[in-house]
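Undergrad: Structure below; questions to follow.
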Amino acid sequence: MVDEGLIKEVKVKIDAGAAAADVKDTLKMFELFKQIAEENEDLKEELEDMDIAIQMITTDADAKFWLKAHDGTLEFGEGEIDSPSFTFSATKEVGAGMLFGEVDATSAYMAGDITVEGNLQDAMAFQEIIELALEAYEDLAEDL
């Protein structure tokens with residue numbers, strides 16, 4: 001079961017908006033996505049055949065995070081990861097906006113607000129993970 005306290009904490013963060021986000025909110029969002037992935041059939045199915053490693057760099061806060069999607073699960077942490085499928089770089093606000101569902105990653109990429117080095121197909125799959133997780137989050141937050 002997704003931790004109700006985490007849902008409430010994330011709701012406060014999302015309601016405050018990406019501009020008010022702290023760089024550590026990335027880890028909270030990843031934890032939420034991980035817990036949702038353990039329960040939500042649509043997200044589980046999306047993750048089943050995936051084997052990607054994502055390096056996220058927050059350009060204005062000197063912070064790095066990683067996320068692995070493989071065998072139907074999500075793992076994450078702080079720091080660097082060896083051999084990422086792609087590296088995603090953005091400011092704290094744009095990165096949080098993407099994780100909060102405020103910023104469309106494709107539009108931000110086209111506008112030059114994010115950079116992606118590596119496999120763009122995996123980057124698009126990552127966007128799909130975020131969208132599915134946020135849809136599931138909205139259902140959970142609605143029930144509180």
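Undergrad: Quick check on Ala125: is it at pLDDT 95 or above and small (Gly, Ala, Ser)?
TA: The answer is no for Ala125.
Undergrad: Say whether the condition of being modelled with pLDDT of 95 or more, assigned to a strand (DSSP E or B) and not hydrophobic (A, V, I, L, M, F, W, C) is met by at least one residue in region 4-15.
TA: no
Let's see how each residue does on (1) within 12 Å of Leu140 (Cβ to Cβ); (2) more than 13 Å from the chain's Cα centre (by Cα); (3) not aromatic (Phe, Trp, Tyr):
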{"position": "Leu6", "(1), (2), (3)": "yes, yes, yes"}
{"position": "Lys11", "(1), (2), (3)": "yes, yes, yes"}
{"position": "Lys24", "(1), (2), (3)": "no, no, yes"}
{"position": "Glu46", "(1), (2), (3)": "no, yes, yes"}
{"position": "Ile54", "(1), (2), (3)": "no, no, yes"}
{"position": "Thr59", "(1), (2), (3)": "no, yes, yes"}
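Undergrad: Could I ask something else about it? Can you tell me which residue within region 94-118, out of those that are more than 13 Å from the chain's Cα centre (by Cα) and buried (at least 16 other Cβ atoms within 10 Å of the Cβ), is farthest from His70 (Cα to Cα)?
TA: Checking each candidate, the answer is Asp113.
Undergrad: Kindly check whether there is at least one residue in region 63-72 that is farther than 26 Å from Val2 by Cα and at pLDDT 95 or above.
TA: Yes, because at least one residue in region 63-72 is farther than 26 Å from Val2 by Cα and at pLDDT 95 or above.
Undergrad: When you scan region 79-106, how many residues do you find that are part of a loop (DSSP other than H, G, I, E, B) and farther than 16 Å from Lys28 by Cβ?
TA: 10
Undergrad: Looking only at residues that are small (Gly, Ala, Ser) and assigned to a helix (DSSP H, G or I) in region 110-132, which one is farthest from Glu41 (Cα to Cα)?
TA: Restricting to residues being small (Gly, Ala, Ser) and assigned to a helix (DSSP H, G or I), the top hit is Ala111.
Undergrad: Kindly indicate which of Phe76, Phe65 is aromatic (Phe, Trp, Tyr), crowded, with 20+ Cβ neighbours inside 10 Å and part of a strand (DSSP E or B).
TA: Just one listed residue meets the conditions, Phe65.
Undergrad: Those residues that are hydroxyl-bearing (Ser, Thr, Tyr) and either within 16 Å of Gln127 (Cα to Cα) or assigned to a strand (DSSP E or B) (or both), I need them from region 39-62; list them, please.
TA: Of everything in region 39-62, just one residue is hydroxyl-bearing (Ser, Thr, Tyr) and either within 16 Å of Gln127 (Cα to Cα) or assigned to a strand (DSSP E or B) (or both), namely Thr58.
Undergrad: May I pose another question? Going by the conditions given, is Thr87 of a type in the set (S, T, N, Q), out of contact with any Cys (no Cβ under 6 Å at 6 or more places or on another chain), touching a residue at least 40 places away in the same chain (Cβ under 8 Å) and closer than 21 Å to Glu131 by Cβ?
TA: For Thr87, the condition - of a type in the set (S, T, N, Q), out of contact with any Cys (no Cβ under 6 Å at 6 or more places or on another chain), touching a residue at least 40 places away in the same chain (Cβ under 8 Å) and closer than 21 Å to Glu131 by Cβ - is not met.
Undergrad: Please pick out the residue among Glu31, Glu9 that is among the acidic types (Asp, Glu) and without any contact (Cβ under 8 Å) to a residue 40 or more places away in the chain.
TA: Glu9
Undergrad: Quick check on Met124: is it hydrophobic (A, V, I, L, M, F, W, C) and either within 17 Å of Phe30 (Cβ to Cβ) or crowded, with 20+ Cβ neighbours inside 10 Å (or both)?
TA: Taking the combined requirement at face value, the residue does not satisfy it.
Undergrad: Which numbered condition in (1) over 14 Å from Ala123 (Cα atoms); (2) touching a strand residue (DSSP E or B) at 6+ places or on another chain (Cβ under 6 Å); (3) crowded, with 19+ Cβ neighbours inside 10 Å is the only one that Ile36 fails?
TA: (2)
The values are calculated or read from the model by the stated rules, or taken from the named source; none is laboratory data. This structure is a prediction, so every number in the text was calculated from the model and none was measured. A quick note on method: Cβ atoms are made from the backbone with ideal geometry, for glycine too, and the neighbour counts reach across all protein chains shown.
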